[in-house]
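Accompanying notes for the structure given below.
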Amino acid sequence: MHAILGIIYHSIGGFASGSFYMPFNKVRKWKWETYWIIGGLFSWFIVPPIAAYFTAPGFTDFILATDSSVISFTFLMGLLWGVGGLTYGLGVRYLGMSLGNSVTLGFCAAFGAIVPPVYYTINPTEGKISIADMMATSGGQLVLLGVVVCVIGIAISGRAGMLKEREVSEEQSKKSVAEFALVKGLIIAIFSGILSSFMNFGIEAGKPMAEASVAAGNNPLFANNVSYVVIMLGGLVTNLVWTTILNIKNKSYKDFADKSAPRLKNVIYSAMAGTTWFLQFFFYGMGESKLGNGASSWILHMSTIILTANMWGVVRKEWSGTSKKTKTTFVVGIVVIIGSVFLVGIGNSM
């Protein structure tokens with residue numbers, strides 16, 4: 001039952017993450033850095049403490065009582081993850097929902113799922129799962145197989161994106177992705193995928209805060225909401241610095257005074273995007289409480305995001321005008337990713 005609930009929670013979180021960028025597409029007459037930081041204020045600064053307040057009463061006390069080294073390291077992981085989140089937005093901006101998410105999250109899934117067990121193989125820690133531990137059990141082996149299958153699925157999805165780029169003219173591409181730029185987008189997506197995996201490390205680093213919340217009698221289902229407050233502040237700092245630089249460079253700050261732009265609607269859409277972005281982690285924490293913060297949780301989360309993002313890619317007609325071969329390749333990639341989800345789920349329940 002725990003495994004089933006974990007899969008459901010991760011699926012909801014993945015749907016939220018795969019859908020968060022959609023409201024941004026409704027923003028008009030604002031530059032990217034303007035609406036990105038408005039959304040960011042909601043996802044990294046406003047919503048996390050509200051969620052913690054209602055689900056983990058006394059969260060500020062748990063944070064303040066935590067050793068400064070733990071808080072510092074958790075915050076650092078948030079800073080690095082923030083770079084990944086920042087470039088994640090750029091990857092989707094230049095590649096679209098389908099290809100951008102597939103490439104970015106493929107790398108994110110692989111690094112996020114494999115690096116922690118490798119780390120605990122090098123530095124054994126009581127209660128933490130190493131690669132050797134996973135290899136020693138049939139369930140662990142199935143989880144690792146699921147990781148491999150997921151990466152294969154990502155590669156196939158990426159191949160479909162490459163075929164699309166060859167078949168569809170630049171003019172056609174820009175109808176569905178306004179700023180389509182393949183090479184730039186791929187470089188950014190790969191970089192983003194690697195750094196985005198630091199969210200997984202941040203959750204691991206912030207465990208003492210989460211455990212303090214549970215020890216105080218709070219529901220373990222929402223324990224990670226305490227850690228998120230610190231992690232998200234790190235992400236906020238990274239994104240705030242970069243978007244401020246862009247606002248000054250591009251004079252984007254004038255967007256806020258542009259009366260020709262639907263300012264209220266833009267703020268609402270940006271707030272919706274930012275809130276939806278945070279919901280992925282809210283539900284990830286719930287799923288993690290059922291499955292543990294290992295390869296199972298991370299790969300399930302990444303896979304459902306990719307599936308959702310590709311669904312939106314179809315809705316936005318990002319594959320319109322491509323050949324049957326390209327569309328078939330795209331579908332095969334999705335099927336393989338779904339297969340990886342089942343493998344990881346079964347492996348975790350064994």
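Data overview
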read-out	value
Unique residue being within 24 Å of MET162 (Cα to Cα) and touching a Phe, Trp or Tyr at 6+ places or on another chain (Cβ under 9 Å) when the list is GLY313, GLY287	GLY313
Within the stretch 293-327, tally of residues that are modelled with pLDDT of 75 or more, among the aliphatic types (A, V, I, L, M) and within 15 Å of the chain's Cα centre (by Cα)	4
Pairs, first open to solvent by less than 100 Å² (accessible area, probe 1.4 Å) in the stretch 119-141, second among the charged types (D, E, K, R), C-beta under 8 Å, six or more apart	TYR120/LYS128; GLY140/ASP133
Yes/no for MET286 being of a type outside the set (D, E, K, R), touching a residue at least 24 places away in the same chain (Cβ under 8 Å), part of a helix (DSSP H, G or I) and open to solvent by 70 Å² or more (accessible area, probe 1.4 Å)	no
Residue in the stretch 215-223 that is modelled with pLDDT of 85 or more, open to solvent by 70 Å² or more (accessible area, probe 1.4 Å) and outside any helix (DSSP H, G or I) present	yes
Boolean, GLU211 is modelled with pLDDT of 80 or more, at negative phi, charged (D, E, K, R) and buried (at least 17 other Cβ atoms within 10 Å of the Cβ)	no
Unique match (being closer than 20 Å to PHE201 by Cα and either among the hydrophobic types (A, V, I, L, M, F, W, C) or touching a helix residue (DSSP H, G or I) at 6+ places or on another chain (Cβ under 8 Å) (or both)) among THR55, THR34, THR66	THR66
Count of residues meeting criterion [part of a helix (DSSP H, G or I) and surrounded by fewer than 23 Cβ atoms within 10 Å (Cβ to Cβ)] in the stretch 8-23	8
Filter result (open to solvent by 70 Å² or more (accessible area, probe 1.4 Å), out of contact with any helix residue (DSSP H, G or I) (no Cβ under 6 Å at 6 or more places or on another chain), modelled with pLDDT of 65 or more and of a type outside the set (D, E, K, R)) within the stretch 163-194	VAL183, ILE187
In the stretch 300-324, the residues that are over 16 Å from PHE15 (Cβ atoms) and part of a helix (DSSP H, G or I)	LYS324
Test: residue in the stretch 233-247 that is more than 24 Å from MET22 (Cα to Cα), assigned to a helix (DSSP H, G or I), touching a Ser or Thr at 6+ places or on another chain (Cβ under 9 Å) and at pLDDT 80 or above	yes
Any hit, the stretch 37-48, residues being among the aromatic types (Phe, Trp, Tyr) and open to solvent by less than 40 Å² (accessible area, probe 1.4 Å)	yes
Selection from the stretch 235-271 of residues that are farther than 18 Å from LEU90 by Cβ and crowded, with 22+ Cβ neighbours inside 10 Å	ASN266, TYR269
Scope the stretch 24-36; condition of a type in the set (S, T, N, Q) and either closer than 18 Å to LYS249 by Cα or buried (at least 24 other Cβ atoms within 10 Å of the Cβ) (or both); matching residues	THR34
Selection within the stretch 63-78 - closer than 22 Å to PHE198 by Cα and open to solvent by 30 Å² or more (accessible area, probe 1.4 Å)	ASP67, SER68, SER69, VAL70, ILE71, SER72, PHE73, PHE75, LEU76
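The values are calculated or read from the model by the stated rules, or taken from the named source; none is laboratory data. None of the values given here were measured: they were computed from a predicted structure. Here the Cβ is made from the backbone with ideal geometry for all residues, glycine too, and neighbour counts use every protein chain on show. Heavy atoms of the whole protein, side chains included, go into the accessibility calculation; ligands, DNA and RNA do not. Shrake-Rupley method; radii C 1.70, N 1.55, O 1.52, S 1.80 Å.
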